[in-house]
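First the structure, in the form of structure tokens, and then the observations on it.
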Amino acid sequence: DAIPSADQIRITTSLKSQRGSVWTKNKSIFEYWEVEVTFRVTGRGRIGADGLAIWFTEEQGLEGPVFGAADKWNGVGIFFDSFDNDGKKNNPGVIVVGNNGKLLYDHQNDGSTQALASCQRDFRNKPYPVRVKITYYRKTLTVLINNGFTPDKEDYEFCAKIEDMVLPSQGYFGISAATGGLADDHDVLSFLTFQLTEPGKEVPTPDAEIPQKDKEKYQEEFEHFQQELDKKKEEFQKEHPDVQGQPGKTCAFFLSADDLFETVSDRELRQIFEGQNRIHLEIKQLNRQLDMILDEQRRYVSAVTDEIAKRGTGLPGQQGQVSQQEIGTVVKTQEEVIRQVNEIRNSMADTLRLISGAQHPGSAAGVYETTQHFNDIKEHLHVVKRDIEHLVQRNMPSSEKSKCPDLPPFPSCLSTVHFFIFVAVQTVLFIGYIMYR
């Protein structure tokens, strides 16, 4: 199902149950080698399937169940697995699996029982193409990956390393992909192969690697492929005369279906605005909670003021003075808390205006800091509330503290005469009902 074009090869399209692969025609005779692969995995869904694989095998691969290639290979496969088959939430991931030609790939467990090394990397729907560098040198296989967030071609991150790994001395390079119930577009933009030589050894010349006869054969095959592509374009124009002779209409016809869905830039913009809206709602909620705190603080202050007015004259001299001082301290503390809450509220209002107007992405730190202030104020309010209750209990007379209201006498609900009359009436009614039945 692979589709070649002038600048890339679409190994599989975003359709269900697709398989595709590309393999070298001749064996590589390099003892040590390095490959650099550039690819894109894009899909409209939140998750995709199945994935993409880079191969170095002793025999040229055929179509099969392992990411579009045959099972029981002799060599190594580097799998970029998109779908989480085992439900361990460790996909998308990169898995390195070696095989001696007898092993069946454990697809249900995502190869975890056979993996020589692995790393968890998300390679789907990235702004830039994902780059992978695979190096095999002195029986050590190293996998480096560029996560697709930067255009820097040399910005690689370490993924996996396997030592004492013996691979076939000669083999074929390939790349394959497959889709299942879910589907992604798997596009390969470049596949570069390099020979590595030990220091001091003579490097073979390019003419010795590819004979002139082979170069001419490859050039002839390329020209033949180009002619076939031109013929298909002409056939398409004959089948669709409405777009014939109009430059650029052919490409627009193929892309018209994709225009119905969001592009990568649209998706990124939507995600940014969704994050800003969440921040906006959080700030609104904090603002409402601060208003509730202010109302509660005002009630506490008014209650303390009333308590001072009622008990200021009736308390003994020294005790009244001490209680008056304590209550005054509490009132000052309450006023200070109210002032701080007002400042935070003003700050929250400014932040809310900035979020609504400029949609600044850096407001998350301000939300976190404001949330911390809110938690501190909440704890302080609980302490102040306990202090006020303690002061009220201290200032009450001892007789009022222990005195409880007397319960009223329990009334007699039913007398004996009334009870017997009630039983007699119920008996008569019951007998009459039975006779009626």
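Shape call for the stretch 58-116 from the C-alpha gyration tensor, a ≥ b ≥ c root eigenvalues: rounded (a/c under 1.5), prolate (a/b greater than b/c) or oblate?
It comes out prolate by the Cα gyration axes.
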Length added when fully stretched, Arg278-Leu189, from 0.36 nm per residue minus Cα-Cα: 28.3 nm
Loop-located GluC sites (Glu not before Pro) in the stretch 92-200 whose Cβ has at most 14 other Cβ within 10 Å (DSSP): Glu154, Glu163
What is the extension gain from Gln227 to Ile421, computed as 0.36 nm multiplied by their sequence separation minus the C-alpha to C-alpha distance, in nm to one decimal? 58.4 nm
Whole-percent carbon and sulfur contribution to the accessible surface of the stretch 3-203 (1.4 Å, no ligands, DNA or RNA) stands at 49 percent
Per residue, accessible area of the stretch 3-203 with a 1.4 Å probe, heavy atoms of protein chains only, in Å², comes to 48 Å²
How high is the FRET efficiency from Glu379 to Thr305, r the C-beta distance, R0 41 Å, rounded to 0.05? 0.95
Largest first, what is the accessible-area ranking of Tyr156, Tyr105 with a 1.4 Å probe? Tyr156, Tyr105
Taking Rh as the Kirkwood radius computed over C-alpha pairs, what is the Stokes-Einstein D of the stretch 3-203 at 25 °C in a medium of viscosity 0.890 mPa s, expressed in µm² per second? 145 µm²/s
Stretched fully, the stretch from Ser5 through Gln108 gains (0.36 nm per residue minus C-alpha distance, one decimal, in nm) 33.7 nm
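Given a cut-off of 20 Å, name the pairs among Lys88/Lys126; Lys332/Lys385; Lys126/Lys153; Lys27/Lys215 whose C-alpha atoms lie farther apart than that in the structure shown. Walk me through the numbers on the way to the answer.
Working: Lys88/Lys126 23 Å; Lys332/Lys385 14 Å; Lys126/Lys153 14 Å; Lys27/Lys215 16 Å.
Flagged as over cut-off: Lys88/Lys126.
The values are calculated or read from the model by the stated rules, or taken from the named source; none is laboratory data. Since the model is a prediction, treat every value here as computed from it, not as a measurement. All Cβ positions, even for glycine, are placed from backbone atoms using ideal geometry, and neighbour counts span all protein chains on display. Surface accessibility is based on the protein's heavy atoms, side chains included, excluding ligands, DNA and RNA. Shrake-Rupley method; radii C 1.70, N 1.55, O 1.52, S 1.80 Å.
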